[in-house]
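Engineer: So that we are looking at the same thing, I have put the structure below in structure tokens.
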Amino acid sequence: MALIIAGERSGVGKTTVTLTLLASLCRRQTKVQSFKVGPDYIDPMFHQYVTRRPCRNLDPVLTSEAYVQQCFARHSKDVDYTLVEGVMGLFDGVATDASLTDETDRLFVGVTDKSSVSSATSSVATVASTAHIARLLNLPVVLVVDCSRLSGSVAAIVHGYRSLDPRINLVGVVLNRVGSDRQLSLLQNALLPLQIPILGVLRRQDNITIPDRHLGLIPTAELPELDALINRLADLGDACFDWERLLPLLETGDKGQGTRDKGLGTRKNSSPVPNPHQPIRVAVARDRAFNFYYQDNLDLLQELGAQIVFWSPLQDAGLPEGVQGMYFGGGFPEVFAQQLADNKLALDSVKTAILSGIPTIAECGGLMYLCAEIVDFQGKAWSMVGILSTTAVMSTRLSLGYRRALALHDSPLVKTGELVYGHEFHRSVLLANTDKPLFQTYRFDCDEATGDEGWCSHLPLHASYVHLHWGERPQMVQRFLRFCGG
């Protein structure tokens, strides 16, 4: 059995509760595999820091339901405990046009058109929500409740979450941010008629804070005191959870056999890559400025013939020798813009490599790095690689959401006319657009166009704000490696 940690809404402390559980479990010298629902990059960094195992994203929008099942089964094998951190509130998600079997699902996605709600022919479904993943994987759910301003009303909240969808197996609650013994007594008495287990009680903690910035938590590489924080979380976890009830829920056992047998050994559209016995050297930028990568993407690169060579645009004097391809993920180049600009040897090395025809993938922060300049939040301009004749300017406006992206031109990852699904999450805008955009993008849940996006050129370049998960589309990786192999 595995367990999903869900919240009654965003900001209730799901990540803190999850890290507390992971830290306490790992202190016991056990093998723990974690997963994160949705497209998030930063929370999985913290999971991996604690467990020393890559955290895997479970997102049926970016991949598929079948991929989620296979990924979960594959990576939860041969471990002692498995934990899934949810996203937002338990029932928060986006809509797709898949058919539903009952009216309850129509309520989950927040349909506001009453005629649609009452119509038996309405066809929307919840995807990329914690509830959807719980149903898909048939996993029990623990609900984290923010009790900082609650007493007796906690019963109504928990009752509502438990009863809204009978397919969700809500096995207990964690009461977070409890202020006093008196408040705890009121909460316990209110929940008593529901006969739902209280699996943990976390008091308000002034000495346990994970700092954040404009895109969420500050990544692990920037937190020198993180070890001390994790130790405090482990101490807290040892004392605040009902381990006698929790451990049986977390034990891996023989779950997911149906999907486990399928594994991920056979990939869709699989075909040999050039020179399979001669690994293709791909330079992957990884440091404090660039660290937004799905582990499945890196695994797939290696499985299909790449030799990944990590390097730092912040610190290294240039690219590693003999690279045949480059991959720049997202991150926070705007935070480290001065250091990136000061490392002129790295900037020149990257520009020379791209101009010489080295195939390059640049997502979000990577795209910003290839611009002529980055203008930071203070309005200061910093010179970057200069391959893209535009400037990335930091803004207060957040671009956020799933995208359907139709390829308008060929790139090392996509062919003209190909439709892919991705996710945008950034606060920068480009001052100038290209006359050769990579994608026409749309909101995932409707036909509303969100504009032309991305850059491509006569060079083998894929530069876009849209983050892609390659797990369901290995042909994109094969295409990139064929470009790299010449």
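The values are calculated or read from the model by the stated rules, or taken from the named source; none is laboratory data. Since this is a predicted model, take the numbers as computed values, not measurements. Cβ coordinates were reconstructed from backbone atoms using ideal geometry, including for glycine residues, and neighbour counts include every protein chain displayed. Each accessible area value is taken on the protein alone, full model and side chains, heavy atoms only, with ligands, DNA and RNA left out. Shrake-Rupley method; radii C 1.70, N 1.55, O 1.52, S 1.80 Å.
Engineer: From the set of residues in region 364-375 that are closer than 14 Å to L431 by Cβ and within 27 Å of the chain's Cα centre (by Cα), which is most open to solvent (accessible area, probe 1.4 Å)?
Structural biologist: Filtering region 364-375 for residues that are closer than 14 Å to L431 by Cβ and within 27 Å of the chain's Cα centre (by Cα), the one most open to solvent (accessible area, probe 1.4 Å) comes out as V375.
Engineer: Residues of region 454-482 being more than 19 Å from D299 (Cβ to Cβ) and buried (at least 22 other Cβ atoms within 10 Å of the Cβ), which ones?
Structural biologist: G454, W455, C456, L461, H462, A463, S464, Y465, V466
Engineer: Tell me, which residue of region 2-57 that is under 17 Å from V174 (Cβ atoms) and polar (S, T, N, Q) is most open to solvent (accessible area, probe 1.4 Å)?
Structural biologist: S10
Engineer: So, of the residues in region 416-445 that are more than 27 Å from Q475 (Cβ to Cβ) and either of a type in the set (A, V, I, L, M) or in contact (Cβ under 8 Å) with a residue 60 or more places away in the chain (or both), which turns out to be surrounded by the fewest Cβ atoms within 10 Å (Cβ to Cβ)?
Structural biologist: Taking the candidates together, the pick is A432.
Engineer: Given A134, A155, which one is farther than 22 Å from L83 by Cα, modelled with pLDDT of 95 or more and in a helix (DSSP H, G or I)?
Structural biologist: Every option except A155 fails the conditions.
Engineer: Let me ask another. When you scan region 6-14, do you find a residue that is under 17 Å from L202 (Cβ atoms), out of contact with any Cys (no Cβ under 6 Å at 6 or more places or on another chain) and in a strand (DSSP E or B), even just one?
Structural biologist: Yes, region 6-14 contains at least one residue that is under 17 Å from L202 (Cβ atoms), out of contact with any Cys (no Cβ under 6 Å at 6 or more places or on another chain) and in a strand (DSSP E or B).
Engineer: Separate question: Scanning for something over 30 Å from C446 (Cα atoms), open to solvent by 30 Å² or more (accessible area, probe 1.4 Å) and not aromatic (F, W, Y), does region 83-96 turn up at least one residue?
Structural biologist: No, region 83-96 has no match at all.
Engineer: Hey, which of the helices (runs of 4 or more DSSP H) in region 181-252, taking only ones fully inside, have at least 2 residues that are within 22 Å of V142 (Cα to Cα) and either within 27 Å of the chain's Cα centre (by Cα) or of a type in the set (K, R) (or both)?
Structural biologist: The helices (runs of 4 or more DSSP H) meeting that bar are 226-240, 243-250.
Engineer: Tell me which residues, restricted to region 173-184, are open to solvent by 30 Å² or more (accessible area, probe 1.4 Å) and either more than 18 Å from T15 (Cβ to Cβ) or of a type in the set (A, V, I, L, M) (or both).
Structural biologist: Answer for region 173-184, where residues must be open to solvent by 30 Å² or more (accessible area, probe 1.4 Å) and either more than 18 Å from T15 (Cβ to Cβ) or of a type in the set (A, V, I, L, M) (or both): G179, S180, D181, R182.
Residue-by-condition table, conditions (1) over 22 Å from the mean Cα position of the chain (by Cα); (2) within 13 Å of T360 (Cβ to Cβ); (3) modelled with pLDDT of 90 or more:
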site: T441; (1), (2), (3): no, no, yes
site: F444; (1), (2), (3): no, no, no
site: T450; (1), (2), (3): no, no, no
site: E453; (1), (2), (3): no, no, yes
site: H467; (1), (2), (3): no, no, yes
site: G471; (1), (2), (3): no, no, yes
site: F480; (1), (2), (3): yes, yes, yes
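Engineer: Among L150, L187, L170, L136, which is the only one that is under 17 Å from D92 (Cα atoms) and either open to solvent by less than 10 Å² (accessible area, probe 1.4 Å) or out of contact with any strand residue (DSSP E or B) (no Cβ under 8 Å at 6 or more places or on another chain) (or both)?
Structural biologist: One residue alone meets the criteria, L136.
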